[in-house]
Amino acid sequence: MVRTEINTLLQRVSVGTRVNVKGWVRTFRSNRFISLNDGSTIHNLQCVVDFEKMDEELLKRITTGACLSITGILAESLGKGQKVEVLVENLEILGDSEADVSKGDVYPLQPKAHSLEFLREIAHLRFRTNTFGAVFRIRHAMTYAMHKFFHDRGFFNIHTPIITASDAEGAGEMFRVTTLDPKNPPLTENGEVDFREDFFGRQTNLTVSGQLEAELAALALGKVYTFGPTFRAENSNTARHLAEFWMIEPEVAFADLNDNMDLAEANLKYLVQYALEHCADDLAFLNQRALDEEKNKKKEERSEMSLLERLQFVVENPFERITYTEAIEILEKSKPNKEKKFQYPIQGWGTDLQSEHERYLVEKHFKKPVILTDYPKDIKAFYMRLNDDGKTVRAMDILFPGIGEIVGGSQREERLDYLRKRMQEMHIPEQELYWYLDTRKFGTAPHAGYGLGFERLLLFVTGMTNVRDVIPFPRTPKSADF
Ligand code: 4AD
Ligand code: MG
């Protein structure tokens, strides 16, 4: 018999039909009620067995985590919590959930609430929980919606390299890629490692950003975007940093900073709206989950809005747009700064903003997403366009409540002489980026783009609070299991 997925069954199959379902046992109550989940939806399907008619040995094998194939009649359910249930006619065990209790070996996912920290340690099994099922279905929907957003606007998806020889952000946070033997590398006459002998004949690393290559494509194809993994060896063990994360980087020819802000704001709103429309069941579950968590918090630490209210709020309200200079003025006058509550005090114009400052602006001062523009050139990357004041650049960062920076971007320096000067000041050798400079030599054009951190977006959409819980297998300092 053809299998029906539970999601389809709940939406489209009428009572009285004989169906086959396959999935994993979440709970088995009173030797009678099997709660089955097949991953197609957050909802479990209740399957009712008549234990008197069932083989006792078979009955014993229906344990949490076991995989079953069930055939039976779909019927209206009299019990609470579900409209329909399956009256089991035939039950086959596809995979026992074996555990040798005598040796202390138990299936780690018992039908009770587990902490997220514990589930991170068993990331190979956490897909099987309601929370992670919801998170990863939403992650898929957001991936699809991201491509749809750009495709519908005439953008072309470009696959930029994962192994590169350049450091696009100039922050030196790169993972080296090499085939040389670390114990016995070939040496030059000066006793240094001879990378000419390495696989690529030079030093290479995992990319920190696809931007520079995306710019090359944008200056021919007009509107492009990348959506790929990026790698940063920054040793920040925070709830917002991963060593391997996914980034979306659009790049648009003939666009200035305002166009860039408009695109990024539309991009974020579209994705949140898409989630509200297409992930309603999973969001309802995560909303309730977050509300339950809030109950354990002190009153003053509880958020003013629920997850669903926050999502709705972002879709409906324009983001605040202010310059870095204005932000510094607000922060200098702010209560936490005067009362020396910031870990990093604001030390005048030029101070690099920390996440505590960003969150003050977003969560306390404006109470909505904020776009900060025109940062001092000295705290930003070499490729950003210099303003006429000679000291700020056409940068933009989008800050979100509970997250901090979610997007970083800029209008690019398209003037060859300015770009060269900036690279000299920052000691970036021209010969390494000759290909990048060529676009400024041959038919340069104003252009702009940004990078959207996919996991940061997912934090916002799912209401999860640690970036390790929105990527299947997180890579962080001292942790690369699974
Ligand atoms: O601000 P960033 O470093 O910008 C760039 O890489 C530019 N090349 C983007 C561009 O203009 N095309 O990173 C962009 C975004 C951040 O705003 C943040 O959302 C995310 O990437 N991000 C991280 N997410 C998780 N873990 C990390 N370690 C991250 N570092 C940056
Ligand atoms: Mg940034």
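The values are calculated or read from the model by the stated rules, or taken from the named source; none is laboratory data. None of these values were measured; they are calculated from a predicted model. For neighbour counting, all protein chains shown are included, and Cβ atoms are generated from backbone atoms with ideal geometry for every residue, glycine included. Note: accessible area is taken over every heavy atom of the protein model, side chains too, but ligands, DNA and RNA are not part of it. Shrake-Rupley method; radii C 1.70, N 1.55, O 1.52, S 1.80 Å.
Values computed for the structure shown
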| quantity | calculated |
| --- | --- |
| Filtered residue count, segment 165-187, keeping only those that are of a type in the set (Ser, Thr, Tyr), open to solvent by less than 40 Å² (accessible area, probe 1.4 Å) and outside the structural domain of Ile428 (by TED's automatic domain parsing) | 0 |
| Residue match in segment 204-215 (condition: assigned to a loop (DSSP other than H, G, I, E, B), among the polar types (S, T, N, Q), over 29 Å from the mean Cα position of the chain (by Cα) and under 30 Å from Phe442 (Cβ atoms)) | no |
| Residue that is nearest to Arg394 (Cα to Cα), among those in segment 324-348 that are of a type in the set (S, T, N, Q) and open to solvent by 40 Å² or more (accessible area, probe 1.4 Å) | Thr325 |
| Residue within segment 372-379 that is within 16 Å of ligand 1 (Cβ to nearest atom), in contact (Cβ under 8 Å) with a residue 24 or more places away in the chain and in a loop (DSSP other than H, G, I, E, B) present | no |
| Options Thr351, Thr373; residue that is open to solvent by less than 70 Å² (accessible area, probe 1.4 Å), modelled with pLDDT under 95 and closer than 22 Å to Arg394 by Cβ | Thr351 |
| Qualifying residue in segment 383-394 (condition: part of a helix (DSSP H, G or I), over 21 Å from Asp259 (Cβ atoms) and more than 15 Å from ligand 1 (Cβ to nearest atom)) | no |
| Near pairs, Cβ below 8 angstrom, 6+ apart or cross-chain, from segment 236-251 (within 13 Å of ligand 2 (Cβ to nearest atom)) to any residue that is in a strand (DSSP E or B) and of a type in the set (Val, Ile, Thr) | His241/Thr476; Phe245/Thr230; Met247/Thr226; Met247/Thr230; Glu249/Thr226 |
| Considering residues of segment 228-266 that are modelled with pLDDT of 95 or more and of a type in the set (Val, Ile, Thr) only, the residue nearest to the chain's Cα centre (by Cα) | Ile248 |
| Residue, nearest to Asp198 (Cα to Cα), within segment 158-188, restricted to residues that are of a type in the set (A, V, I, L, M, F, W, C) and out of contact with any helix residue (DSSP H, G or I) (no Cβ under 8 Å at 6 or more places or on another chain) | Val177 |
